[in-house]
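To start, the structure itself, in structure tokens.
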């Protein structure tokens, strides 16, 4: 049985301002209606004999992963929470140990959550090719047949032919432009995609041999893991002791059983806005326009507007314009790799825009800070049916709630009462309160906060169904 | 005595999205803290013996003009309301008739409200030069010494020298690039600035002679004008009967008493974003950045962000990026004249973004539509001290008001009560209500509307201190 392992730990800084630490690119609907993560899970589920996926993600994203799997009605998944990023070798080791608990002969298909694959049939065919190779104890990597002399990827040189695959002759680092061209002209090189297939047991064997410190730390951390709701919480102290390394460096370049299955499947790692533009369907002017956009005499641009906002371009070429409720990026398409520099600047300046969106997702729903003044803040709050915020109080702010859709059950100190559309209540400073959606449709309300300090950290939680108290 | 006449009827579509029909460029602080209109009034007031200004503007902008004059503590101004735009010849005729009521020998200094003048001393000097010429019955136009072979302006060829001025030899239309270059090389041509000086009586004389239909219609409309608060309301039916024409075509090109006073005074008509960029101080990279902007490797750009929004640029040159709460423009600087095309598209599509900003100014203050859903809308409302909204009711919506700053006097059917910071009230559908700021500081409140129809036109006004009932 194949067990899909979805690596969802990336932070996607190159797709700022749409992708941010708190909601990175794999969880966004960047190509189509579902997120890249959901598309990856869906793609894996369409293979023949596959088990429930194992997802490895950051603790910060646990509710996003659970929610997006729930939307897809995918049950039985294991969601492994990394206490800190340690790169792919330890993450895949966690998944391998989880897979071995299910089945000592488990074959893992390791897929980054943020890749786009246009041609699913070719991808499936490649996985079918790889399965007997992996079963035969090889560690298989999928090599993407290069479409251009890309300098942003590592390359794999194919060696002797095996049945359904090739032995890996060499992994080579990201080349300069002329070397990349030479690789493409040679015909014997493929892009290193970061997708793999191997037996879980074989991966651990090779990790024990070539990166014993990682293997030891991960085994110890996994042994102390705790199950919590749908999640497998990895022990932080022991996991953080693991060296940080990629599967390529730690295992694939060192094993003598590395094989490559070449594939052409419309693959993109969506590593930049330029890559997303390249992978997208475009209009006759070479533009990809999403949302409320008017483009006059503009060519080869990617333009995205956010809800309730119009973006207009006039006489521009080769631009990326990404508009969000609190930040807009205008970049030369060729320079879109440098978005990372910008995010580093935001980080250094301690600005929130690299971490949070204006709209923040919580396990119970979301809130959007729609206005802010010196002593007040206005939020639109959406609570999912059946969900509840924690029982809480604030030291520095009072709150007004006006229900605009659905029904709220409000706890205010000793009272519990219902509010329906167009009803409101007041929560004085210091009152212990809770908001619950007891209905069958989403509850939407407008919250007006007033007080001298309005930070998210002015909250005392007494009870929380999501374990945050 | 000189009477400044400020022509404020322009719609400023080339500076969209900052300039919109409801709040056009002359009323915006495009260069410095005060608006172009205010800078024009201020500039005129600094001349020696000047009277209170006459402002000619659209009826739609009457409260903006009154408010901006009040901010400057300018009293005694006449604000003439044009029922419809009829170009400059009729507008100046209205001002001339008003000036003649004050003083039969009045000399008018006609200034468009949306020009920028960097060098006030040179401007003052030119006006001093022009005064004796105008007093001597000439119609004076100010000719800007050309700084480049501009194709966007008409030119004036200087004729024989008069004392302090030149006779106008010829007005020439906007030239093509090579003709413009020839005019500049020739040295005998100036840009037609649209600023004039003449006796009010002489202007009417020439208008009677050369454009009698305009003169007759304007005289009839002015005779039926009504004074209303600070405003002179022109009779619509008779005024609309006037032909639409510019002072250049109707009078200046026809009179044999046209004189030109050449001047170099850092003049710009801010006719496009490119013109504003050219007139602005720039950083070492040639950028003019306003608001929360981060520009990486960007050159010769004009970038403006609005409140609460970050705009970032990477690796772009010669761009204009104008960000507002509901619309963002990204244009090649060279193509910024084509903003007009875009506005025409918005007009044709019946979109509100060419008329209104998200924040709308009213005589009593302003409101900003900060959020909107299917059956609700949230507004931030600011009421000026002493101001009041009309006594009104709505057929399709109920409203919640939460005061976040200042004190409100609320009328709700038979009741009248005060609300202070952090207090709220509810106005059921159909209730007759009024909001008044009885305090000394601005009143800010959050209004949550809910109902099946939320358009601005669902309002029945019973009483209004601004004459809108």
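Derivation of every value follows stated rules applied to the coordinates shown; laboratory data play no part. Quantities reported herein were computed from a predicted structural model and do not represent experimental measurements. Here the Cβ is made from the backbone with ideal geometry for all residues, glycine too, and neighbour counts use every protein chain on show.
A few remarks follow.
- Region A:151-301 shape via C-alpha gyration tensor axes, a/c threshold 1.5: oblate
- The modelled label-to-label distance for the pair residue A:296/residue A:220, using points 7 Å beyond Cα in the direction of Cβ, is 6.6 nm.
- Take each residue of peptide A:399-411, count the partner chain Cβ atoms within 10 Å of its Cβ, and average: the result is 3.
- Global form of region A:356-435, assessed from the alpha-carbon gyration tensor, a/c cut-off 1.5: rounded
- For the peptides A:442-448, A:4-10, the ranking by mean Cβ contacts within 10 Å, running from highest to lowest, is A:4-10, A:442-448.
- Peptide B:292-302 has a mean of 3 when you count, residue by residue, the C-beta atoms of other protein chains within 10 Å of its C-beta.
- Of the residues B:342, A:15, B:391, the one with the fewest other Cβ atoms within 10 Å heads the list, and the complete ranking is B:391, B:342, A:15.
- Residue exposure sequence - A:182, B:309 - by fewest surrounding Cβ within 10 Å: A:182, B:309
- Relative contact order of region B:2-268, defined on C-alpha pairs under 8 angstrom at six or more residues apart (%): 25 percent
- Highest mean packing comes first when the peptides B:37-46, B:16-25, B:225-234 are listed by Cβ atoms within 10 Å, giving B:16-25, B:37-46, B:225-234.
- Backbone N atoms of region A:370-409 closer than 17 Å to the 7 Å Cα→Cβ label point of residue A:308 belong to residues A:370-373, A:377-383, A:402-405.
- FRET efficiency for residue A:458 and residue A:348, using Cβ-Cβ distance with R0 set to 25 Å, rounded to 0.05: 0.40
- Helix A:120-135 axis, angle to chain A major axis (alpha carbon atoms, nearest 10°): 60 degrees
- Bridge type composition, chain A - antiparallel percent by DSSP, nearest 5: 70 percent
- Taking the longest Cα principal axis of chain A as reference, the axis of helix A:212-223 is set at about 40 degrees.
- Angle in degrees between helix B:88-102 and the longest Cα principal axis of chain B, rounded to the nearest 10: 90 degrees
- Relative contact order for region B:274-338, counting Cα pairs under 8 Å that sit 6 or more residues apart, in percent: 25 percent
- Shielding value for B:315-323 is 4, the average number of Cβ atoms from other chains within 10 Å of each residue's Cβ.
- Pseudo-label separations to other copies for residue B:468 - Cα-to-Cβ vector, 7 Å, nm: 4.1
- Restricting the calculation to Cα atoms, the protein assembly as shown shows an Rg/Rh of 1.07 when the hydrodynamic-style radius is the Kirkwood one.
- Efficiency of FRET between residue A:284 and residue B:170 - r from beta-carbon atoms, R0 51 angstrom, step 0.05: 0.60
- Difference of contour (0.36 nm per residue) and Cα-Cα distance, residue B:162 to residue B:50: 37.9 nm
- Ranked list, fewest to most other Cβ atoms within 10 Å of each Cβ, for A:190, A:281, A:114, B:185: A:281, B:185, A:190, A:114
- Alpha carbon centroid spacing (whole Å) that separates region A:117-158 from region B:395-469: 65 Å
- Kirkwood hydrodynamic radius of region B:2-268, from inverse mean 1/r over distinct Cα pairs, in Å: 18.6 Å
- The helix-based estimate of mean residue ellipticity at 222 nm for chain A, built from -39,500 (n - 2.57) per DSSP H run of four or more residues and divided by its residue count, is -7000 deg cm²/dmol to the nearest 500.
- Rel. contact order, % - alpha carbon contacts under 8 angstrom, at least six apart, chain A: 14 percent
- Region A:32-87 versus region B:1-44: alpha-carbon centroid distance in Å: 56 Å
- Overall form of chain A per C-alpha gyration tensor (a/c, 1.5; a/b vs b/c): oblate
- Counting DSSP beta bridges with both ends in the protein assembly as shown, the antiparallel % (nearest 5): 65 percent
- Sorted from nearest, the other copies put their residue A:169 label points 8.1 nm away, the label point being 7 Å from Cα in the direction of Cβ.
- Distance between region B:317-332 and region B:199-261 - C-alpha centres, whole angstrom: 39 Å
- Pseudo-label separations to other copies for residue B:105 - Cα-to-Cβ vector, 7 Å, nm: 11.5
- Calculated FRET efficiency for the pair residue B:136/residue B:186, C-beta based, R₀ 25 Å, to 0.05: 0.35
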